[in-house]
Amino acid sequence: HTRNDLNFVHFNDPKWSGMWYIHCGDRSSRCRSEMNILAAWQRGYTGKNVVVTILDDGIERNHPDLAQNYDQLASYDVNGNDHDPTPRYDSSNENKHGTRCAGEVAAVANNSHCIVGIAYNARIGGIRMLDGDVTDVVEAKSLGIRPDYIDIYSASWGPDDDGKTVDGPGPLAKQAFEQGIKKGRKGLGSIFVWASGNGGREGDHCSCDGYTNSIYTISVSSTTENGNKPWYLEVCSSTLATTYSSGEFYDRKIVTTDLRQRCTDGHTGTSVSAPMVAGVIALALEANPLITWRDVQHLLVKTSRPAHLKANDWKTNAAGHKVSHLYGFGLVDAEAMVVEAKKWRSVPSQHTCTRISDRRTRYIRPDQYLNASISSSGCAEQADQSVVYLEHVVVRVLIVHPRRGDLQINLISPSGTRSQLLAKRLLDNSNEGFRNWEFMTVHCWGEKAEGQWTLEIFDSPSQHRNPEVLGKLKEWTLILHGTAVHPYHSHTSHHSRSRMLEIPSPSRDPKAHEPQQEITEEEEEEYDGPCRTECGDQGCDGPNADHCLNCVHFSLRSAKTGRTCVSQCPLGYYGDVEARRCRRCFRGCETCVGRASNQCLSCRRGLYLHADHSSCVNECATGYFADDVQRQCAKCHENCLKCVRDSDRCTACNDGYSLAGMTCVPECADGTFFNLEEMKCIICHHSCATCTGPGKEECIQCAKDFLQQEWKCVPACTEGYYPGEAAGLPQKMCRKCEENCLSCQGPGVTCSRCREGYNLVSRTCIANATCNNADEVFCEMVKSNRLCEKKLFRQFCCRTCLMTG
Amino acid sequence: LPSQNVYTNHWAVRISGGREEADKLASKYGYINLGQIGSLEDHYHFHHSKVVRRSAFSTRGTHSFIHMDPKVDWVQQQVVKARVKR
């Protein structure tokens, strides 16, 4: 339990007080703010300029909690093949899922409506792809939409969690994942967040879901308010982190946005955990937009904590990480994520080392362990494949078996960490076995790769089987992912390098030290050995570059501070050719042509070169953005007034243009809207004064003589509605008549016509069949108690009693 | 029961030579090219309106000759994948 922190931030959103997983709402009660979201906000991170999309059944883009952050460019309708991901509405509200997930990421804060998203200033889009036949093409298309624009893809779906399905991405979706991590976010890699399964009650195992089980996805599980395992949760070794979600009826639930502009605190399962982590990652990306897809996974491993989460399998692996099959590395910590992300240096490149077992068939005998080992050097002999420090470990197996659900598979790392790749699945009767299925574990993260890896298979028949048919392990492959050097310690060299650039010191040049050991004391008096090649015609009084009496090219530093000869001036200096000296650039310049502030060619870390003035600045001027890779202020697109990270990621537009997502499009006159496909203004439906699209349901304001009814503009209110004033709107609005009333004059009891099966009694509609045997005495009782005046009792015998006088 | 594939009237096709070449091949066999599949280069989404929308069998007809066209590197009729919201 953490400090009561309500006083730090308060939002006027009606459900804010119920968002127990973000803040402590009540001083007297226990609270659970271990996800430290509030603390991340207090550090100033709210997801600004980060783009998240929800792969699901659509997103209600005009929901008051989403409209402001809605990003059309992060959205697409794969099912309908157009740009509008609005869900298909039906009476069962089947397509509410995407809208619910979206709110958790980026619901607008302090707008007096519903909730506050974890990254409440992030851009949010939706990819509608679950409301139709899902195929490999549909999945691949969805995973590859605008990979340079969208930072985070959040998905809360997958193959059935029925405890008997083994399924994953097809060949195209696999390629889409690979493309995303290689090329997405301009080479930094797309971030895919996935909800681990909901099949806990069916004994399902998330290793049988190829999406959560992929190294490219961040698999997220859930815990209840009290840190218990929720009934729906699946165990598995590929889960990376956890968030709070719903549990038993007595556990508090998660609140989020709902279809038809509403809010909900219904059961959320693991589905809400993916967007929660997507929101936390958005905060981290705001803190450091240059982190790669693997950096994000390292950050989660490093910062997630067991907190108060209860599991009987928490263990500390050989790299010191606490990990569990229920919760991965534990509850996400948003504050730790932003703090670490801010100072994070990218981990070294990913290497992959693959070892295949011999092709000897091994029989899996019932109730016996089959152990198969592979000894791995971590591919030390091949520099480009060498894995010393582990990240993900994948085991590909070819197993034939008469009943797949009877199998349990474990992997034991050289350091002795045992991860359960598969638990017994009572409902899985399939005889298909595992045909090159890939299991994945994150439990060895940070451990050393070298040594003996053991695959342990146990077959425990749960029902009668033909004893003559044995399972067989035909082949298995160990795929180790990781780095050749320590992912964090290798940064020390980066740090020392940057220090070296700040204070150039010739003594750090290793070459300068090479001959030093050969120098003897008597040589100090008169040196007649060879001079360094950088020494000029006056020779030297010693073997090093700082023993030169003059220089061929440039001298660096003064005689007082130890002058030395160099062929080129180091960073922070420029070569004064006439004086043959290296002179300091202006403060902040890394390379320059002179000592003035406007003679810089490049800038030191943290500063940006303004090309027009050749000067280094802390912040780029309006119309420019800070290019962190080139370390310069680059021009925004010509239509943008302000932009971030890229010339075409606009945050404000020049006159005559307005923002559509993060693109500046020409402002369209009233009665027209900007069509992104045709890139021009197109006329709205005749019933709209302003609109967001061509349909009659896409009006923002209604045309003259039209009234707003539900989401449409109509010439006159239809049956069951009456025209009324709308606060803040120039035109009238059609409001609903009282229940069962077909026409009315206004609000309350003003009905003039009723629905079939109802009768008009005292301007209200009363059901026909009510109380047709009321006698005089009974009616007297109704009358004396004035029941007909009370709304609750209106159905109660009023009609009959009125008719009988 | 073993899971039964449900075949759709959509195809994924890999063709090198760009969009134009893909359009040509699509029309040659009666398909409509719905464009590149996400960010996968040379992969196109074809649709055939005269093939039944959902079928238990991979349908045969003149459209299936596309499998044999030398300009086509790879082609796959799309199968419905059961996906569940969590």
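Given the conditions (1) surrounded by fewer than 21 Cβ atoms within 10 Å (Cβ to Cβ); (2) in contact with a strand residue (DSSP E or B) (Cβ under 8 Å, 6 or more places away or on another chain), report the number of the one that A:H613 does not fulfil.
In the conditions (1) surrounded by fewer than 21 Cβ atoms within 10 Å (Cβ to Cβ); (2) in contact with a strand residue (DSSP E or B) (Cβ under 8 Å, 6 or more places away or on another chain), A:H613 misses (2) alone.
Give the residue, chosen from A:C699, A:C650, that is crowded, with 17+ Cβ neighbours inside 10 Å, free of Cβ contacts under 8 Å to residues at least 40 places away in the same chain and under 24 Å from A:Y149 (Cα atoms). Break it down stepwise before answering.
Values: A:C699 fails: under 24 Å from A:Y149 (Cα atoms).
Within the list A:C699, A:C650, the selection yields A:C650.
Please state which one of A:I115, A:I37, A:I59 is within 14 Å of chain B (Cβ to nearest Cβ), buried (at least 24 other Cβ atoms within 10 Å of the Cβ) and among the β-branched types (V, I, T). Don't jump to the end; show me each part of the working.
Values: A:I115 fails: within 14 Å of chain B (Cβ to nearest Cβ); A:I37 fails: within 14 Å of chain B (Cβ to nearest Cβ).
Exactly one of A:I115, A:I37, A:I59 is within 14 Å of chain B (Cβ to nearest Cβ), buried (at least 24 other Cβ atoms within 10 Å of the Cβ) and among the β-branched types (V, I, T), namely A:I59.
Quick check, is B:S39 within 13 Å of chain A (Cβ to nearest Cβ) and either more than 30 Å from A:G184 (Cβ to Cβ) or hydroxyl-bearing (S, T, Y) (or both)?
Yes; evaluated as a whole, the condition is true for this residue.
Which of (1) crowded, with 19+ Cβ neighbours inside 10 Å; (2) over 22 Å from A:A140 (Cα atoms) does B:I15 not meet, given it meets every other one?
All conditions are met except number (2).
Kindly provide the set of residues from the stretch A:40-56 that are surrounded by 23 or more Cβ atoms within 10 Å (Cβ to Cβ) and either in a strand (DSSP E or B) or under 15 Å from the mean Cα position of the chain (by Cα) (or both), ordered by number. Write out each step before concluding.
Step one: filter the stretch A:40-56 for residues surrounded by 23 or more Cβ atoms within 10 Å (Cβ to Cβ), giving A:40-41, A:45, A:47, A:50-56.
Of everything in the stretch A:40-56, those that are surrounded by 23 or more Cβ atoms within 10 Å (Cβ to Cβ) and either in a strand (DSSP E or B) or under 15 Å from the mean Cα position of the chain (by Cα) (or both) turn out to be A:Y45, A:G47, A:V50, A:V51, A:V52, A:T53, A:I54, A:L55, A:D56.
Answer with yes or no whether A:I356 is within 30 Å of A:G44 (Cα to Cα) and of a type in the set (V, I, T).
Working: within 30 Å of A:G44 (Cα to Cα): no; of a type in the set (V, I, T): yes.
Against the criterion (within 30 Å of A:G44 (Cα to Cα) and of a type in the set (V, I, T)), A:I356 does not qualify.
Does A:A122 satisfy the condition of being within 11 Å of another protein chain (Cβ to nearest Cβ) and either touching a residue at least 40 places away in the same chain (Cβ under 8 Å) or on the phi < 0 side of the Ramachandran plot (or both)? Give the steps one after another, and end with the answer.
Numbers: within 11 Å of another protein chain (Cβ to nearest Cβ): no; either touching a residue at least 40 places away in the same chain (Cβ under 8 Å) or on the phi < 0 side of the Ramachandran plot (or both): yes.
It is false that A:A122 is within 11 Å of another protein chain (Cβ to nearest Cβ) and either touching a residue at least 40 places away in the same chain (Cβ under 8 Å) or on the phi < 0 side of the Ramachandran plot (or both).
Of all residues in the stretch A:687-725, how many are in a loop (DSSP other than H, G, I, E, B) and among the basic types (K, R)?
The total comes to 2.
Sort through A:G656, A:G623, A:G661 and tell me the only one that's at pLDDT below 90, more than 20 Å from A:L571 (Cα to Cα) and over 27 Å from the mean Cα position of the chain (by Cα). Even if it seems obvious, please write down each step before you answer.
Numbers: A:G623 fails: at pLDDT below 90; A:G661 fails: over 27 Å from the mean Cα position of the chain (by Cα).
Going through A:G656, A:G623, A:G661 in turn, the sole match is A:G656.
Being closer than 22 Å to A:S33 by Cβ and either under 13 Å from the mean Cα position of the chain (by Cα) or part of a loop (DSSP other than H, G, I, E, B) (or both) is the filter here; which residues of the stretch A:244-266 pass it?
A:S245, A:S246, A:G247, A:E248, A:Y250, A:D251, A:R252, A:K253, A:I254, A:V255, A:D265
Where residues in the stretch A:165-182 are assigned to a helix (DSSP H, G or I) and either of a type in the set (K, R) or more than 10 Å from chain B (Cβ to nearest Cβ) (or both), which of them is nearest to A:W194 (Cα to Cα)? Step through it out loud before you land on a result.
Kept after step one, since they are assigned to a helix (DSSP H, G or I), are these residues of the stretch A:165-182: A:171-182.
Filter again for either of a type in the set (K, R) or more than 10 Å from chain B (Cβ to nearest Cβ) (or both), leaving A:174, A:177, A:181-182.
Values: A:K174: 15, A:F177: 12, A:I181: 15, A:K182: 18 Å.
The qualifying residue nearest to A:W194 (Cα to Cα) is A:F177.
Take the residues in the stretch A:69-88 that are of a type in the set (S, T, N, Q) and at pLDDT 95 or above; name whichever of them is farthest from A:C263 (Cα to Cα). Explain how you work it out, then say what you get.
First, pick out the residues of the stretch A:69-88 that are of a type in the set (S, T, N, Q): A:69, A:72, A:75, A:79, A:81, A:86.
Narrowing the set further to residues that are at pLDDT 95 or above leaves A:69, A:75, A:79, A:86.
Values: A:N69: 17, A:S75: 22, A:N79: 26, A:T86: 17 Å.
Only one residue tops the list, namely A:N79.
Could you run through the stretch A:183-207 and say how many residues are part of a loop (DSSP other than H, G, I, E, B), closer than 18 Å to A:T270 by Cβ and more than 12 Å from chain B (Cβ to nearest Cβ)?
Step one: list which residues in the stretch A:183-207 are part of a loop (DSSP other than H, G, I, E, B), which gives A:184, A:188-190, A:196-199, A:203-204.
Checking which are closer than 18 Å to A:T270 by Cβ leaves us with A:196-199, A:203-204.
Checking the rest, the ones that are also more than 12 Å from chain B (Cβ to nearest Cβ) come to A:203.
Number satisfying all stated conditions: 1.
Hey, among the residues in the stretch A:136-164 that are within 7 Å of chain B (Cβ to nearest Cβ) and either outside any loop (DSSP other than H, G, I, E, B) or in contact with a His (Cβ under 6 Å, 6 or more places away or on another chain) (or both), which one's nearest to B:K85 (Cα to Cα)?
Per the stated criteria, the residue is A:W157.
With (1) surrounded by fewer than 24 Cβ atoms within 10 Å (Cβ to Cβ); (2) in a loop (DSSP other than H, G, I, E, B); (3) within 12 Å of chain B (Cβ to nearest Cβ) as the list, and A:N95 as the residue in question, which single condition is left unmet?
Unmet for A:N95, out of (1) surrounded by fewer than 24 Cβ atoms within 10 Å (Cβ to Cβ); (2) in a loop (DSSP other than H, G, I, E, B); (3) within 12 Å of chain B (Cβ to nearest Cβ): (2).
Keeping to the stretch B:54-86, report how many residues are over 17 Å from A:P169 (Cα atoms), in contact (Cβ under 8 Å) with a residue 40 or more places away in the chain and either more than 14 Å from chain A (Cβ to nearest Cβ) or part of a loop (DSSP other than H, G, I, E, B) (or both).
8
Part of a loop (DSSP other than H, G, I, E, B), free of Cβ contacts under 8 Å to residues at least 60 places away in the same chain and surrounded by fewer than 21 Cβ atoms within 10 Å (Cβ to Cβ) - does that describe any residue in the stretch A:369-381?
So far as the stretch A:369-381 goes, yes, one or more of its residues are part of a loop (DSSP other than H, G, I, E, B), free of Cβ contacts under 8 Å to residues at least 60 places away in the same chain and surrounded by fewer than 21 Cβ atoms within 10 Å (Cβ to Cβ).
Select from the stretch A:528-547 the residues that are assigned to a strand (DSSP E or B) and over 58 Å from the mean Cα position of the chain (by Cα) and list them in ascending order.
At the first step, the residues of the stretch A:528-547 found to be assigned to a strand (DSSP E or B) are A:535, A:540.
Within the stretch A:528-547, just A:C540 meets the criteria.
What is the number of the single condition among (1) hydroxyl-bearing (S, T, Y); (2) without any contact (Cβ under 8 Å) to a residue 60 or more places away in the chain; (3) more than 25 Å from A:G266 (Cα to Cα) that A:S92 does not meet?
The single condition A:S92 does not satisfy is (3).
Can you find even one residue in the stretch A:675-694 that is within 32 Å of the chain's Cα centre (by Cα), surrounded by fewer than 17 Cβ atoms within 10 Å (Cβ to Cβ) and of a type in the set (A, V, I, L, M)?
yes
Which one is modelled with the lowest pLDDT among residues in the stretch A:24-59 that are out of contact with any strand residue (DSSP E or B) (no Cβ under 8 Å at 6 or more places or on another chain) and among the polar types (S, T, N, Q)?
Restricting to residues being out of contact with any strand residue (DSSP E or B) (no Cβ under 8 Å at 6 or more places or on another chain) and among the polar types (S, T, N, Q), the top hit is A:S28.
Rundown of residues vs (1) part of a strand (DSSP E or B); (2) of a type in the set (S, T, Y); (3) more than 30 Å from A:C653 (Cβ to Cβ); (4) touching a helix residue (DSSP H, G or I) at 6+ places or on another chain (Cβ under 9 Å), yes/no style:
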site: A:C569; (1), (2), (3), (4): no, no, yes, no
site: A:R583; (1), (2), (3), (4): yes, no, yes, no
site: A:F586; (1), (2), (3), (4): no, no, yes, no
site: A:G594; (1), (2), (3), (4): no, no, yes, no
site: A:S597; (1), (2), (3), (4): no, yes, yes, no
site: A:D612; (1), (2), (3), (4): no, no, no, no
site: A:C616; (1), (2), (3), (4): yes, no, no, no
site: A:A621; (1), (2), (3), (4): no, no, no, no
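For the stretch A:563-578, name all the residues that are loosely packed, with under 14 Cβ neighbours inside 10 Å and touching a strand residue (DSSP E or B) at 6+ places or on another chain (Cβ under 9 Å). Break it down into steps so the answer makes sense when it comes.
Quick first cut of the stretch A:563-578, residues loosely packed, with under 14 Cβ neighbours inside 10 Å only: A:567-568, A:577-578.
A:S567, A:Q568, A:V577 - these are the residues of the stretch A:563-578 that are loosely packed, with under 14 Cβ neighbours inside 10 Å and touching a strand residue (DSSP E or B) at 6+ places or on another chain (Cβ under 9 Å).
If you check B:Y31 against the conditions, is it under 11 Å from B:N9 (Cα atoms), within 10 Å of the chain's Cα centre (by Cα) and in contact (Cβ under 8 Å) with a residue 24 or more places away in the chain? I'd like the intermediate steps shown before the answer.
Details: under 11 Å from B:N9 (Cα atoms): yes; within 10 Å of the chain's Cα centre (by Cα): yes; in contact (Cβ under 8 Å) with a residue 24 or more places away in the chain: yes.
Considered against the rule, which asks whether it is under 11 Å from B:N9 (Cα atoms), within 10 Å of the chain's Cα centre (by Cα) and in contact (Cβ under 8 Å) with a residue 24 or more places away in the chain, B:Y31 comes out as yes.
Got a number for residues in the stretch B:1-37 being assigned to a loop (DSSP other than H, G, I, E, B) and under 15 Å from B:Q76 (Cβ atoms)? Quick ask: steps written out before the conclusion?
Taking the stretch B:1-37 as the starting set, the residues that turn out to be assigned to a loop (DSSP other than H, G, I, E, B) are B:1-6, B:16-17, B:29-31.
From what's left, under 15 Å from B:Q76 (Cβ atoms): B:5-6, B:29, B:31.
Of the residues in that region, 4 qualify.
Among the residues of the stretch A:207-234, which ones are of a type in the set (A, V, I, L, M, F, W, C) and crowded, with 24+ Cβ neighbours inside 10 Å? Steps first, answer last, please.
So in the stretch A:207-234, the residues of a type in the set (A, V, I, L, M, F, W, C) come out as A:208, A:215, A:218, A:220, A:231, A:233.
Across the stretch A:207-234, the qualifying residues are A:C208, A:I218, A:V220, A:L233.
The values are calculated or read from the model by the stated rules, or taken from the named source; none is laboratory data. Just so it is clear, the structure is predicted and the values come from calculations on it, not from any experiment. Neighbour counts are summed over all protein chains in view; Cβ atoms, including those assigned to glycine, are modelled from backbone coordinates with ideal geometry.
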